[in-house]
């Protein structure tokens, strides 16, 4: 059936279902009546049969259809609806399957054309391989020198010189890969890589961060970039309110609120350009008293060994590896204790002396923030059906059939290793 | 012999020649198949796959259930063989409710998904599918090793 049509091979499942659908409704040598009749008890109808894979104009259910929209979609008939009266159609443009009852079938025309199948396959695969094209060009160029050598016999030393010479004129020809490769080579021969990397690492924080970032809120306001800092603070304040991190309450008697502080940091991209200005409100965790404001502060992280074990598994079984990090991770943790915090400077509403923030979520700077985040993550991930590793509590795994996924948690960094191609989470 | 020059040979007295059997035995002849007389009396089942191209939703296998009496076929696409038990459960509940009858027996090959996997001891241990059939009181029928022809009905679906 698939050969006869112009449809991609991945529709074999629909083809099979249609086959059984038809076979159940036509007489068989093995039984006296049609299977359908013996099974259901009445004669099957064959009126609605159509040629599998034939082109059709089908009208899908579109509630938002406009007056001038085309009523139908050019598609292919690929089967019968299982639980309702209708047909299944395959839309070759959107590559989707939909069901509808209203359609016109074009069964009389010739639609066998193998060429179109090949086109489908090519389309799908050509998307995946942009990289090898570069290496191919490289190979083509590098295949030239051996021909020259074959013409004039050289000694070993000459050969090397010859190759180096031929590479020089190549450089303007190859745009991206050639200069990269050359720089690697030179560096290896001159100074070891480690040294260069170390220098670069040291350079960035010294020149970048120390210069600009204000330490106190007053410095931020007097800073030449004060507008951006204030904007960043507004953003942070707004996100805290959106997440309902605290509620404003009058300060109960005999309670000392803990302090809070603004932190400022410029975020730079890999080239050292300023990417964004970031302000973060932190609680002064050091004013917390043990037993009153916090009880436990211990938080687990995955060990280096388990990380290396997973990496070994990834390498051995060629698993898919994905890395994520959680934004404002600590704000997700719920806190068990009642903690009052003074309102952040410059964002005071009501009477600053009487009104304080009663924290409902954990916030950066609290002693138990990391622990609470871990607990929250633990609960959520278990509810997704993951299981904790027996040895390392920060490694989770989930098995379903032959598919499996490993998850390593390191505070707010998450590493996923799976043998499925796409990890959907 | 007829002229009495040679003595007549008595053919009745020969022993069974084991060597001949060793060298010449072919497969045993199949006995006539028994046909069920009512729906759900016997269900044939088979798994086919994996196919090189995954189907629309990524399934690579299909499992078929065919009623012996009516030859009515059910077909499910599955991602992996281990899903066969879940699919069978839902199939069983549906057909038994619809037809008000119970599945009496299930015929399958000895694939790992039906019977169980071979372990090191050389014996095939019953897997979850076989155990479930036992729980429901359904008689499992397995083909003999190396003879797919005994499961003819189910393999037929491989068109």
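Here is the figure for segment A:319-375: residues that are part of a strand (DSSP E or B) and within 30 Å of residue A:219 (Cα to Cα) total 8. Among the candidates B:84, B:37, B:90, the residue that is surrounded by fewer than 15 Cβ atoms within 10 Å (Cβ to Cβ) and either farther than 23 Å from residue A:81 by Cβ or touching a strand residue (DSSP E or B) at 6+ places or on another chain (Cβ under 8 Å) (or both) is uniquely B:37. Residues in segment B:41-62 that are closer than 30 Å to residue B:99 by Cα, within 9 Å of another protein chain (Cβ to nearest Cβ) and in a loop (DSSP other than H, G, I, E, B): B:59 alone. Check segment B:130-145 and report whether any residue there is more than 13 Å from residue B:43 (Cα to Cα), away from chain A (no Cβ under 12 Å), modelled with pLDDT under 80 and touching a strand residue (DSSP E or B) at 6+ places or on another chain (Cβ under 8 Å). Yes: one or more hits. Within segment A:1-53, the set of residues being part of a loop (DSSP other than H, G, I, E, B), surrounded by 18 or more Cβ atoms within 10 Å (Cβ to Cβ) and in contact (Cβ under 8 Å) with a residue 60 or more places away in the chain comprises A:5, A:6, A:7, A:8.
Based on this model, can you work out whether residue A:56 counts as assigned to a helix (DSSP H, G or I) and under 20 Å from residue A:94 (Cα atoms)? Here the answer is no, as residue A:56 does not meet what is asked.
In segment B:55-65, the qualifying residues are those that are in contact with a helix residue (DSSP H, G or I) (Cβ under 7 Å, 6 or more places away or on another chain) and modelled with pLDDT of 80 or more, and the one that is nearest to residue B:133 (Cα to Cα) is B:65. Being touching a residue at least 24 places away in the same chain (Cβ under 8 Å), under 28 Å from residue A:355 (Cβ atoms) and part of a strand (DSSP E or B) is a description that applies to residue A:249. Among the residues of segment A:76-98, those identified as farther than 15 Å from residue A:18 by Cβ and part of a strand (DSSP E or B) are A:91, A:96, A:98.
Check segment A:381-402 and report whether any residue there is out of contact with any strand residue (DSSP E or B) (no Cβ under 7 Å at 6 or more places or on another chain), at pLDDT 85 or above and within 14 Å of another protein chain (Cβ to nearest Cβ). Scanning segment A:381-402 turns up at least one residue that is out of contact with any strand residue (DSSP E or B) (no Cβ under 7 Å at 6 or more places or on another chain), at pLDDT 85 or above and within 14 Å of another protein chain (Cβ to nearest Cβ).
The values are calculated or read from the model by the stated rules, or taken from the named source; none is laboratory data. Everything numeric here is computed off the predicted structure, so don't read it as measured data. Counting neighbours? That spans all protein chains shown, and the Cβs are built from the backbone with ideal geometry, glycine included.
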